[in-house]
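Worksheet: one structure, shown below.
The values are calculated or read from the model by the stated rules, or taken from the named source; none is laboratory data. Predicted, not measured: the structure shown is a model, and the values here were computed from it. Methodologically, a virtual Cβ is constructed for each residue, glycine included, from the backbone with ideal geometry; neighbour enumeration extends over all protein chains shown. SASA here: full protein model, heavy atoms, side chains in, ligands and nucleic acids out. Shrake-Rupley method; radii C 1.70, N 1.55, O 1.52, S 1.80 Å.
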Amino acid sequence: MACISGGSLLVDSLVSRFTAKAFRAFPNSLTTSRPLRSAPKAIHEILTSRSVSVSAASDVFTWDDVVRISKPDALQDDPSDLKGYSDKIKICNRRLESQSEFVPFVIEDQIVGYIHSGFAEKLHSFKDVFVFPPENSNSDDGGGSMTLHSSLRTVEDRTRAVGDVIKSLGEEELIPGIRNELYPVASSFGAPICFSLERAAAPYFGIKAYGVQMNGYVEKDGQKFLWIGKRSQQKSTYPGMLDQLVAGGLPHGVACGENVVKECEEEAGIPRPISSVAVPVGAVSYMDIDGYRYKRDVLFCYDLKLPESFMPKNQDGEVESFKLIPVTHVANIIRRTQFFKPNCSLVIIDFLFRHGAGTLGPSPLDTWICYKV
């Protein structure tokens, strides 16, 4: 279920309202009955055609398209209609009714993840690493769980053994996108670490993964603007889509604040004296099931007010370019399109709530909060 926090009142209301039914990650069309006033054919197709896939859309849209569709008069739509926001929350919370297809992954009597029964079958050749539930067992009575072999007693032994399995599965392309980046595996944030796992494998083991996302904003003449990044076309995930100014996974042994500073330098060239004053503002969490993958992600959110003169410059090749966009226009992009990487929409929706009525003109979001709570 979606849960967004950070000083706003929407936590419980979004949890109860936006538990997703089966929902494709990127529906082939956006549901709008409003005609376009003035937009090129490419934008019209992205917004209305049922034949345009997300991969095609990410290949064709440009900053000119983004700016054009963000303008208030680009569509004859109602800014107080919040369906565009709720749809983005649903996109990150799919197929939760399929949780029964997963078995708990238990280490030292603590549930650290969930493994799909179909994926578990692919692990049967590694019986020196994994212990499987008896046939016809039921997870409700404690018998239907997976664990690691009793010979793997230390964190180091577990990390090495599971790492060898992940390497083998990666070579068979059963787990794509190996990054050689380890995530800590624990029952909850701050709990003792059971072992470390390759980042790309985390969803296949239903491990709760953590990351940081930072909204970099500027205030000019009483108006807020957000710096938005466009992901490199070479990225293995969501190439060419819009993203936060700074975002990244939380590696093993790195504190959240220090990770923000590191990512600021790598992704946007923000020096430490500026990035070190980024403000922690809460967290966004979501659960998403896609085949064998069970994503249970928590994103720690930060805001950073930047000088008007600052210009971001990517250092690691993961961002194609940046653009400074009025916050009200960013809200339109989220409502009208699927240009943003899905979880980025959640973080920006949280930003819109926290920054109040001034962000959205007639304050439809504030009205929504009061109505839902």
| query | Can you pull out the residues in segment 243-264 that are in a helix (DSSP H, G or I) and touching a helix residue (DSSP H, G or I) at 6+ places or on another chain (Cβ under 7 Å)? | reply | VAL260, VAL261, CYS264
| remark: Output for Cβ contacts, cut-off 8 Å, separation at least six or different chains, first residue under 15 Å from SER285 (Cβ atoms) in segment 334-345, second part of a loop (DSSP other than H, G, I, E, B) and among the aliphatic types (A, V, I, L, M), reads PRO342/ALA25
| field | Cross-chain or 6+ apart pairs with Cβ under 8 Å, segment 254-278 first and free of Cβ contacts under 8 Å to residues at least 40 places away in the same chain and of a type in the set (A, V, I, L, M, F, W, C), then open to solvent by less than 60 Å² (accessible area, probe 1.4 Å) and assigned to a loop (DSSP other than H, G, I, E, B) | value | VAL261/ALA278; ILE274/LEU306; ILE274/PRO307; ILE274/PHE310
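Among the listed residues LYS88, LYS127, identify the single one that is open to solvent by less than 20 Å² (accessible area, probe 1.4 Å) and either free of Cβ contacts under 8 Å to residues at least 40 places away in the same chain or in a helix (DSSP H, G or I) (or both). Break it down into steps so the answer makes sense when it comes.
On the way: LYS127 fails: open to solvent by less than 20 Å² (accessible area, probe 1.4 Å).
Going through LYS88, LYS127 in turn, the sole match is LYS88.
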| message | Being open to solvent by less than 30 Å² (accessible area, probe 1.4 Å) and either in contact with an Asp or Glu (Cβ under 8 Å, 6 or more places away or on another chain) or not assigned by the TED database to the domain that holds ILE228 (or both): is that true of ALA268 here? | response | no
| Which residue pairs have Cβ atoms under 6 Å apart, sit 6 or more places apart or on different chains, and have a first residue in segment 180-202 that is farther than 17 Å from VAL155 by Cβ and a second that is open to solvent by less than 10 Å² (accessible area, probe 1.4 Å) and in a loop (DSSP other than H, G, I, E, B)? | ALA200/ILE175
| For the subset of segment 303-351 comprising residues that are within 30 Å of ILE289 (Cβ to Cβ) and part of a strand (DSSP E or B), which member is most open to solvent (accessible area, probe 1.4 Å)? | VAL319
| message | Out of ASN215, ASN314, I need the residue that is among the polar types (S, T, N, Q) and under 28 Å from SER188 (Cα atoms). Which one? | response | ASN215
| said: Take ILE193 and tell me if it is more than 19 Å from LEU250 (Cβ to Cβ) and among the aliphatic types (A, V, I, L, M). | reply: no
| request: State whether the residues of segment 235-248 include one that is over 25 Å from THR337 (Cβ atoms), of a type in the set (Gly, Ala, Ser) and either within 20 Å of the chain's Cα centre (by Cα) or assigned by the TED database to the domain that holds ASN332 (or both). | output: no
| strands (runs of 3 or more DSSP E) wholly in segment 171-242 with at least 3 residues that are open to solvent by less than 60 Å² (accessible area, probe 1.4 Å), among the aliphatic types (A, V, I, L, M) and at pLDDT 90 or above - which ones? | 208-220
